[in-house]
Amino acid sequence: MDSKLFFSAVLFLLQIGRRSADTAASGNVTGGGNVTGGGNVTGGGLAVNWGTQTSHLLPPEITVKMLKDNGFDKVKLFEADPGILDALAGSGIQVMIGIPNYFLKKMAESPHAAAEWVARNVSDYLTKKVDIRFVAVGNEPLLQGYNGTYVNTTFPALKNIQQALNKAGVGGDIKATVPLNGDIYYSATGKPSGGIFLPKMLSTMTTILKFLNESNSALTMNVYPFYSLVDNPFFPVDYAFFDGGSTPPVTDGNNTYTNTLEAQIDTLYAALNTTGFPDLPIIIGEVGWPSDGNKFANNSLAQRFNQGLIKFIKQGKGTPMKSRLPDIYLFSLIDEDAKGIEPGDFERHWGLFNIDGSLKYEIALSRGVNLTAAKGALYYPRQWCVVASGGDFNESKLNASMVYACDHADCTKLSNGSSCGYMDMRSSASYAFNQYFQTMNQTAGSCGFGNMAATTKTEPELNGGKCKLDVMFNLAATLNSLHGNDTKTETSSSSPAGAPSENSPSGDITPPHSGTGRRGIQTAILLTWMMMAAATIA
């Protein structure tokens, strides 16, 4: 790449930060301990976002054990889930509890509502020995894609929550913060030292920063080097990672940058300095790499980034501008197969772990210590639902059944560039049918599709072995086992909430519910088939 294109790409990365906030939901890694106000953060551990937008939620007791087994001592939640908070009681894991954006208006308008929220979701759990350190007010509420929806409620909600914490007698130890998206700042010069906040948001940001500074809190910012590759065809690939490669470093005065994350963090430091808050602590609230759903999202690149990130955190050397590294939360802990996919099909694949807590790839946490899978999940029988050999292969009916299956299960791995992309129609249909079958807990009748599908006990091999067909974990049996009841792994007689009673669209293929966040996959499937057909003709 010539130097002009390279620095153009760098300028672009310093202006990028987008990610749909309402799809966020999982885990972050922290280290360094840059926050000093109120004794909120003790550095040196790993922190992760824990999201819950899944069709089958791994029991919190198992997940907390998995966190502790892997040395995660900080966790960020996107809402105050009672079951999760109960499981965290006495664990020693520091907690950041989120308030969803749809609560901001109520919190902003009513100090009483803010006080009630704090009493119910903070004070009550402190008595249960949940180690709460932060309350995250909203989730990227100033995201530019929201077109100002939460601009007028974010700061009043932040102020009311902090005042409620103070009145409850815990404000010295527990601080309110606002997780923001990196699209709120950029570099005016293409170098980190040129960092500024968006001019149209400067007044709002100054008000928020002043309050955070006076409260001895911290600014939380989400950044994503992954988008540098997705959004810019000229971006130098190696610069998104931590292991060098052939990409030349970026020089900014006396500072040298070899990776995107350091540049993004220092651009934020420069923006804070320009705004008059050079010493305000920051927290990187989300950063990670998805493992599927895009040509740049696969296990190899996710492993490369997350391994480099954890090593970067463990070293704790800081950035060229600051000698101490801020806390960095990995995004995310577990895949979420029910998240919205507006940013892209990769949105359901950010987890270090699959939804059952199994490993995707190896990560070394320290010398001789690797990331370990969750323990205790029980599974349905090892059987899969695939297109029946010799069955009715009417293309129109098969298409309709696939669309139906993917309206009720996660088929994002079928999109172009994904692990199950570019397969023929029969293979794609087998993947879709099995996703539905497993999501419906292998219930009787969930592998019919008008006699086009059948179960098999021989594990299918699709796309040269790259496309894996899952067997779902049995949530009911797992919970029974945890609570000391008799356990069975046979098929449950119940389906997930909201599941249709019939799986085979004999005529009407409109799903009985909509707005599940799965829209868009039909287009991806059709594009896959069209491109394959074109390639065959050629």
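The values are calculated or read from the model by the stated rules, or taken from the named source; none is laboratory data. Treat the numbers as computed from the prediction; the structure is a model and nothing was measured. Here Cβ is always computed from backbone atoms with ideal geometry, including for glycine, and neighbour counts include all displayed protein chains. In case anyone asks, the SASA skips ligands and DNA or RNA and just uses the protein heavy atoms, side chains included. Shrake-Rupley method; radii C 1.70, N 1.55, O 1.52, S 1.80 Å.
Could you report the accessible area of residue 201 in Å², rounded to 10, computed with a 1.4 Å probe on the protein chains as they sit in the structure?
20
Sequence gap at least 6, Cα distance under 8 Å: using those rules, report the relative contact order of the range 40-125 to the nearest whole percent.
Values: 76 pairs, mean separation 22.8, N = 86.
26 percent.
Compute the Rg/Rh shape ratio of the range 47-370: radius of gyration over Kirkwood radius, all on alpha-carbon atoms. Could you put the intermediate results ahead of the total?
Numbers: Rg = 19.2 Å, Rh = 20.3 Å.
Looking at the range 47-370, the ratio lands at 0.95.
Taking a 1.4 Å probe, which of 426, 304 shows the most accessible area, and what order do the others take after it? Could you put the intermediate results ahead of the total?
Details: 426 90, 304 65 Å².
If we order 426, 304 from most to least accessible, we get 426, 304.
Under 5 Å between amide hydrogens, which residues at least 5 positions from residue 220 or on another chain qualify, with H placed 1.01 Å from N in the peptide plane?
HN-HN under 5 Å from residue 220: 178, 180, 283.
When a/c is below 1.5 the answer is rounded, else prolate if a/b is larger than b/c, else oblate, so apply that to the range 173-262 with a ≥ b ≥ c taken from the square roots of the Cα gyration tensor eigenvalues. Could you put the intermediate results ahead of the total?
Numbers: a/c = 2.12, a/b = 1.98, b/c = 1.07.
Verdict is prolate for the range 173-262.
Could you look at the range 47-370 and say what percent of its accessible area is carbon and sulfur, using a 1.4 Å probe and all protein chains? If you can, show how the numbers build up before the last one.
Numbers: 5620 of 11260 Å².
In the range 47-370, the share of accessible area belonging to carbon and sulfur is 50 percent.
Hey, what did the range 47-370 get for relative contact order, percent, Cα under 8 Å, at least 6 apart?
Working: 625 pairs, mean separation 53.7, N = 324.
Relative contact order here is 17 percent.
Can you list the aspartates and glutamates whose alpha carbon sits under 12 Å from that of residue 466, skipping same-chain ones fewer than 8 residues off?
The qualifying aspartates and glutamates are 292.
Rounding to the nearest 20 debye, state how big the charge dipole of the range 175-253 is about its Cα centre with +1 on each Lys and Arg Cβ and -1 on each Asp and Glu Cβ.
Working: 4 positive and 6 negative charges, 72 e Å.
In total the dipole reaches around 340 debye.
Please list, in chain and number order, the residues 5+ apart from residue 453 or on another chain whose amide H is under 5 Å from its amide H, with Hs placed from the backbone.
388
Rg(Cα) of the range 315-394 divided by 2.2 N^0.38 Å? Before the final figure, lay out each step's value.
Working: Rg = 19.7 Å, N = 80, 2.2 N^0.38 = 11.6 Å.
Relative to the 2.2 N^0.38 Å estimate, the range 315-394 comes out at 1.69.
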